[in-house]
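One structure is given below, represented as structure tokens, and several questions about it will come after.
A short reminder: the numbers here are calculations on the coordinates, not readings from a lab. Just so it is clear, the structure is predicted and the values come from calculations on it, not from any experiment. Neighbour counts are summed over all protein chains in view; Cβ atoms, including those assigned to glycine, are modelled from backbone coordinates with ideal geometry.
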Amino acid sequence: MIRGVRGATTINQNTEKEIIQRTEELLLKMIDANAIVAEDVAQVLISVTNDITACFPAKALRNLDGWDYVPVMCTKEIAVPDSLPSCIRVMMTVNTEVAQKDVNHIYLYAAQSLRPDLSKS
């Protein structure tokens, strides 16, 4: 079965260091909360708001051992008025037997406001 695992985080500063740190933190929490192994991941899509320009957050995925061959792509979010700024969103497509209702989606920092119904932290 293929499932989408969602996650989002925000940054305080548009720097490569913070973008990589926050994205890596998010990815590791998504992986841990859903017992994901790289071999089961079909793809990872990462989007950013228009104010994030210092680097590609996909670099964070390349820091993870064993994730070298997972396809990853970065894209821009639609610039909707009054949407959450400085936001990095992740959609990980995973082969899993977990029921859709049991997937753990991860929302960190100000991104918890995107899906308060799914935010557990």
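Per residue of the stretch 52-69, what does 6.51 cos²θ - 1.76 cosθ + 1.60 with θ = phi - 60° give for ³J(HN,Hα)? Whole Hz please, x for Gly and Pro, Karplus curve as stated.
9, 9, 6, 5, 7, x, 4, 4, 5, 5, 5, 7, 8, 4, x, 9, 4, 9
State the answer as a single residue: which of Trp67, Leu84, Met1 lies farthest towards the positive end of the charge dipole of the chain, with beta carbon charges of +1 for Lys and Arg and -1 for Asp and Glu, about the Cα centre.
Leu84
Placing unit charges on C-beta atoms (Lys and Arg positive, Asp and Glu negative, everything else neutral), compute the dipole magnitude of the chain about its Cα centre in debye, rounded to 20.
220 debye
Please list, by residue number, everything in the stretch 7-27 whose backbone N is under 17 Å from a paramagnetic label point 7 Å out along Cα→Cβ of Leu118.
Of the residues in the stretch 7-27, 7-10, 26-27 have backbone N under 17 Å from the label point off Leu118.
If you don't mind, there's one more thing I want to ask. For the chain, what does -39500 (n - 2.57) per DSSP helix run (n ≥ 4), summed and divided by total residues, give at 222 nm, in deg cm²/dmol to the nearest 500?
It comes out at -5500 deg cm²/dmol, rounded to the nearest 500.
Using the count of nearby Cβ atoms within 10 Å as a rough guide to exposure, how do Leu27, Leu114 rank from fewest to most?
Leu114, Leu27
Counting other Cβ atoms within 10 Å, which trypsin sites (Lys or Arg not before Pro) in the stretch 18-121 have at most 11 and lie in a DSSP loop?
Counting only loop positions with at most 11 other Cβ atoms within 10 Å, the trypsin sites (Lys or Arg not before Pro) in the stretch 18-121 are Lys120.
From the phi of every residue in the stretch 97-106, what ³J(HN,Hα) in whole Hz does the Karplus formula 6.51 cos²θ - 1.76 cosθ + 1.60 yield, where θ is phi - 60° and glycine or proline is x?
Going residue by residue, I get 9, 5, 5, 3, 5, 9, 5, 9, 8, 10 Hz, with x marking Gly and Pro.
I would also like to ask the following. Among bridges DSSP assigns within the stretch 10-121, what percent are antiparallel (round to 5)?
The antiparallel proportion sits near 60 percent.
Mind checking the full-extension length gain between Ala33 and Ser83? Use 0.36 nm per residue of separation minus the Cα-Cα distance, one decimal, nm.
Extra length available between Ala33 and Ser83 comes to 15.3 nm.
Working from Cα positions, state the angle (0 to 90°, nearest 10) between the long axis of helix 16-33 and the longest principal axis of the chain.
Helix 16-33 sits roughly 30 degrees off the main axis of the chain.
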